[in-house]
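Remarks on the structure that follows.
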Amino acid sequence: MTDPLARAADLQRVPRGDILGTYDTYPEAQSVVDRLAKADFAVANVSIVGNDLKTVERVTRKLSWSRAALEGALSGAWFGLFIGLLFTLFPTSTGGVNWELFIAAILIGAAAGLLFRIGAYGFSRRSRDFDSTRQMLAANYQVIVTDGQLAAAQAALARQPAE
């Protein structure tokens, strides 16, 4: 049985061992580990290490008052639809569905979403007038196996052809 404190300390360090290969993208490195797993190699002895990390922010669009209003109304309407569906679980005194309450929940949700999104856009407009996505990328990815496992990993890869 392994010591949990030793295992936790290992998670705080960059893995060491023999480099099985260096790849340009994470999916390439991941496919190598997948091939090792299919070849019944002990993948607990394998790590993927990203080197030279960079944060990449890609601007997707310009924000505007009308876009903020539309997005807010749509997201609020979805929430209102959810609340309206919950209201349909409780029938009226006549045993039917209260459609007025259902529609009112959607409209109130849309109005609230619109107001909240317009307010948030108004506060952030001076500092950020665009939408973007962020991701962490590495210059390359190395597949590392624990010391003494390199030959076995190479043999396992030779048995398991690339797809």
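Each value in this text was obtained by applying a stated rule to the coordinates, not by laboratory testing. Bear in mind the structure is a predicted one, so any value in this text is a computation, not a measurement. Because the Cβ atoms are built from the backbone with ideal geometry, glycine has one as well, and the counts that use them run over all protein chains shown.
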Quick one: Debye curve from the C-alpha atoms of the stretch 58-134, no solvent, what's log10 I(q)/I(0) at q = 0.11, 0.14, 0.27 Å⁻¹?
-> -0.39, -0.55, -1.10
Determine the equivalent ellipsoid of the chain by diagonalising the alpha-carbon gyration tensor, then write out the semi-axes as square roots of 5 times the eigenvalues, largest first, rounded to whole Å.
-> 52, 25, 16
Rank these for me by crowding, Ile144, Ile103, going from fewest to most other beta carbons within 10 Å.
-> Ile103, Ile144
Output ordering of 72-79, 146-153 (per-residue mean of other Cβ within 10 Å, highest first) is 72-79, 146-153
With only Lys, Arg, Asp and Glu charged, each at its Cβ (+1 for the first two, -1 for the last two), find how big the charge dipole of the chain is about the Cα centre; round to the nearest 20 debye.
-> 660 debye
